[in-house]
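Here the structure comes first, spelled out in structure tokens, and everything after it is commentary.
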Amino acid sequence: MPDDIHFYEPANGHGLAHDPFNALVAPRPIGWISSKSRDGVLNLAPYSFFNAFNYHPPIVGFSSIGYKDSVRNAEETGEFCWNLVTRPLGEAMNQTCAPVGPDVDEFALSGLTPAPSRVISVPHVAESPVTLECRVSQVLQLAGADGQNVDTWMVFGEVVGVHIAQHLLRDGVYDTAAAEPILRGGGPADYFTVTESQKFQMHRPK
């Protein structure tokens, strides 16, 4: 093996100062998930394992390490919203990371406004310029290669409503950089931004 390659088997430890896994698969979009309990208590929490998985129908999903409030609420009501985290909303998003009980409304905790959704009953973040209203399609407990379940839950949702601020639509095209999204990096506190200067294009071969 080349001397300039650090190799490890995760089951045996990484041998580094900090686990590099979520820095290698990065930066990642943030799953800022709003949900509501069966009793109507609102919840808002960010998940760093989030992405889009299908076009038609559009499907997104987030992964929760531990059976947390967002998973329970999504299972109970069958609904959740994804809210885009932008640079101006970064500090508020960070507040919603606080380890509080299920009776605490993170909208109130972070000073954000719950806005009524159009299709589902779960509210979204009024301050966010982009929201996806979702109906739960699957909830899966993840398993390792040995078939043993792990304490991680994947929630998939079909997008049934899309909110986009008008100023982010340029000639009918969504302007990603103008939204100033922030992305989760590795390490305990690393985030990245998207800027117009970083953009380049490559067209698919025909």
Notebook entry, point to check: Restricting to segment 17-31, what's the tally of residues that are touching a strand residue (DSSP E or B) at 6+ places or on another chain (Cβ under 8 Å) and either free of Cβ contacts under 8 Å to residues at least 60 places away in the same chain or assigned to a helix (DSSP H, G or I) (or both)?
Noted result: 2
Margin query: Looking at (1) open to solvent by 50 Å² or more (accessible area, probe 1.4 Å); (2) within 19 Å of PRO57 (Cα to Cα), which one does ASP146 not meet, given that it meets all the others?
Written below: (2)
Margin query: Suppose the filter is open to solvent by less than 70 Å² (accessible area, probe 1.4 Å), of a type in the set (Val, Ile, Thr) and closer than 14 Å to GLY157 by Cβ; does VAL71 pass it?
Written below: yes
Note to self: Which numbered condition in (1) among the hydrophobic types (A, V, I, L, M, F, W, C); (2) open to solvent by less than 70 Å² (accessible area, probe 1.4 Å); (3) within 26 Å of ALA179 (Cβ to Cβ) is the only one that ALA108 fails?
What the structure shows: (2)
Margin query: Is it the case, given these coordinates, that SER35 is touching an Asp or Glu at 6+ places or on another chain (Cβ under 8 Å), open to solvent by less than 30 Å² (accessible area, probe 1.4 Å) and farther than 14 Å from SER128 by Cα?
Written below: yes
Margin query: Among the residues of segment 117-133, what is the count of those that are open to solvent by 50 Å² or more (accessible area, probe 1.4 Å) and in contact with a His (Cβ under 9 Å, 6 or more places away or on another chain)?
Written below: 1
Item checked: Single residue of segment 149-185 satisfying the filter (of a type in the set (S, T, N, Q) and out of contact with any strand residue (DSSP E or B) (no Cβ under 9 Å at 6 or more places or on another chain)) that is surrounded by the fewest Cβ atoms within 10 Å (Cβ to Cβ) -> GLN166
Next item on the list: Can you give me the number of residues within segment 38-66 that are part of a strand (DSSP E or B), open to solvent by less than 50 Å² (accessible area, probe 1.4 Å) and not hydrophobic (A, V, I, L, M, F, W, C)?
Entry: 6
Check: When you scan segment 118-192 for strands (runs of 3 or more DSSP E) that lie fully inside it, which ones turn up with 2 or more residues that are of a type in the set (Asp, Glu)?
Finding: 149-164
Checklist line | Filter pass, PRO114 being on the phi < 0 side of the Ramachandran plot, touching a Pro at 6+ places or on another chain (Cβ under 7 Å) and either surrounded by 15 or more Cβ atoms within 10 Å (Cβ to Cβ) or of a type in the set (Ser, Thr, Tyr) (or both) | finding: yes
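The values are calculated or read from the model by the stated rules, or taken from the named source; none is laboratory data. None of the values given here were measured: they were computed from a predicted structure. Reconstructed Cβ throughout: ideal geometry from the backbone, glycine too, with neighbour counts over all protein chains shown. The area values use the complete protein model at the heavy-atom level, side chains included, leaving out ligands, DNA and RNA. Shrake-Rupley method; radii C 1.70, N 1.55, O 1.52, S 1.80 Å.
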